[in-house]
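Structure first, then comments.
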Ligand code: AMP
Ligand code: GLY
């Protein structure tokens, strides 16, 4: 089979490495991929948002199956366009990807179908939003409606910070049209859990749970990032919590999307907060998380491509999806200065025995050498019997990888270790 994977980050690298395990796969193309992915797939310089380019490439190269991994092409309708040409795909159509593409849509969906989430108000008028903030409880959370590269959420600790956030989104348009509408929502507390799930629109199969580390610095300090590391499973996600989430969140969400005529097929990501009043949805994503995928897929024992095809064919209920009982830890190595500004072009050295579990996110090939080209450069994953040893091994691997100006968090998994010890 010839497979096409749209995207070019660490998540896509993890997906590609896993798909490669299937014996029927002859060739994998990555659009656009990156310098590190080039070791596992043929990278083609077509942007992940160039829907026409992607479709023409897929048709010309007689692609048998396509995986659309990032949010923007999904929201732009890449799956619709590929399927129109008869190419089976993994990923939701645009009318279902809106669950991530519009926060107003997802909040209204949850309200309509009684799915637990933070209470909220929607504003299209800046003056009304600012007036509301005069008396709103603080801290409060301001969210741009549309996609904003994961940066569209501001937790405001003061009334002034909340107003500044509204002005930057609605007047200064820091996220462009994504800030035409804003959601102002209740500030929730509790441990966060990421649950990626496979769903074919009928059955939902949650994958092993995980915990992201979003802040740039140790002990959750510094700016929010795309994610600096992950562990799986998440110790806060007990069997009882999982059962409650299935009943109150996962199934109701899939059913709600069906009721709206927006059946969701693909990976539905539930960003959850385990509040004192039970689990609540912080966000939905219409795709695999990054860097959650880098810990979740290495623990998947079943064949990924088979599961993906079952999602496409609507046969997920009859398909075995098994995860190992091990633990995984992924440490992201970034370029100093990320998530704001950073230098590029430093040579990366990865020993051969580490390459297999290294997922490259921001690297290019220059003069035959792998060099840094992004903020998050790569993620290193280790799998082991216990969380403690998974963390230790991941950091041992980090020590063997080199590039100038590298930085990483030193405490990935520390919170999960504490939770495990308290159990
Ligand atoms: P998001 O971009 O939606 O993942 O949000 C980024 C982060 O903001 C989340 O991972 C949470 O840590 C935090 N967050 C979002 N919504 C809320 C909320 N209502 N209450 C508290 N924290 C939140
Ligand atoms: N790691 C969070 C995300 O993929 O949105």
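When only residues in the range 251-282 that are within 16 Å of ligand 1 (Cβ to nearest atom) and within 21 Å of residue 14 (Cβ to Cβ) count, which is surrounded by the fewest Cβ atoms within 10 Å (Cβ to Cβ)?
So in the range 251-282, the residues within 16 Å of ligand 1 (Cβ to nearest atom) come out as 253, 267-282.
Those left that are additionally within 21 Å of residue 14 (Cβ to Cβ): 267-271.
Details: 267: 25, 268: 26, 269: 23, 270: 23, 271: 17.
Restricting to residues being within 16 Å of ligand 1 (Cβ to nearest atom) and within 21 Å of residue 14 (Cβ to Cβ), the top hit is 271.
When the strands (runs of 3 or more DSSP E) confined to the range 159-225 are screened for residues that are within 15 Å of ligand 2 (Cβ to nearest atom) and buried (at least 20 other Cβ atoms within 10 Å of the Cβ), those reaching at least 1 such residues are found at 192-199, 215-217. For the range 50-79, filtered to residues that are surrounded by fewer than 19 Cβ atoms within 10 Å (Cβ to Cβ) and in contact with a strand residue (DSSP E or B) (Cβ under 9 Å, 6 or more places away or on another chain), the residue that is nearest to residue 265 (Cα to Cα) is 64.
Looking at 398, 383, 377 in this structure, which one is in a strand (DSSP E or B), out of contact with any helix residue (DSSP H, G or I) (no Cβ under 7 Å at 6 or more places or on another chain) and either surrounded by fewer than 22 Cβ atoms within 10 Å (Cβ to Cβ) or in contact (Cβ under 8 Å) with a residue 12 or more places away in the chain (or both)?
Details: 398 fails: in a strand (DSSP E or B); 383 fails: out of contact with any helix residue (DSSP H, G or I) (no Cβ under 7 Å at 6 or more places or on another chain).
Result: 377 is the single residue among 398, 383, 377 that is in a strand (DSSP E or B), out of contact with any helix residue (DSSP H, G or I) (no Cβ under 7 Å at 6 or more places or on another chain) and either surrounded by fewer than 22 Cβ atoms within 10 Å (Cβ to Cβ) or in contact (Cβ under 8 Å) with a residue 12 or more places away in the chain (or both).
Please identify the pairs in which a residue from the range 171-200 that is farther than 30 Å from residue 315 by Cβ has its Cβ atom under 6 Å from the Cβ atom of a residue that is assigned to a strand (DSSP E or B) and more than 10 Å from ligand 1 (Cβ to nearest atom), counting only partners at least 6 apart or on another chain. What qualifies is 182/123; 183/122; 184/121; 190/274; 191/274. State whether the residues of the range 234-249 include one that is within 15 Å of ligand 2 (Cβ to nearest atom), within 12 Å of residue 292 (Cβ to Cβ) and either without any contact (Cβ under 8 Å) to a residue 24 or more places away in the chain or not in a loop (DSSP other than H, G, I, E, B) (or both). Checked the range 234-249: no residue is within 15 Å of ligand 2 (Cβ to nearest atom), within 12 Å of residue 292 (Cβ to Cβ) and either without any contact (Cβ under 8 Å) to a residue 24 or more places away in the chain or not in a loop (DSSP other than H, G, I, E, B) (or both). Applying the set (1) touching a strand residue (DSSP E or B) at 6+ places or on another chain (Cβ under 8 Å); (2) in a loop (DSSP other than H, G, I, E, B) to residue 254 leaves exactly one unmet item: (2). Filter the range 358-374 down to the residues that are closer than 25 Å to residue 223 by Cα and touching a helix residue (DSSP H, G or I) at 6+ places or on another chain (Cβ under 8 Å) and list them by number. Listed by number, the residues that qualify are 358, 359, 360, 361.
A short reminder: the numbers here are calculations on the coordinates, not readings from a lab. Owing to the predicted nature of the structure, the values given are computational and were not obtained by experimental measurement. Ideal geometry is used to build each Cβ from the backbone, glycine not excepted, and the neighbour counts take in all protein chains shown.
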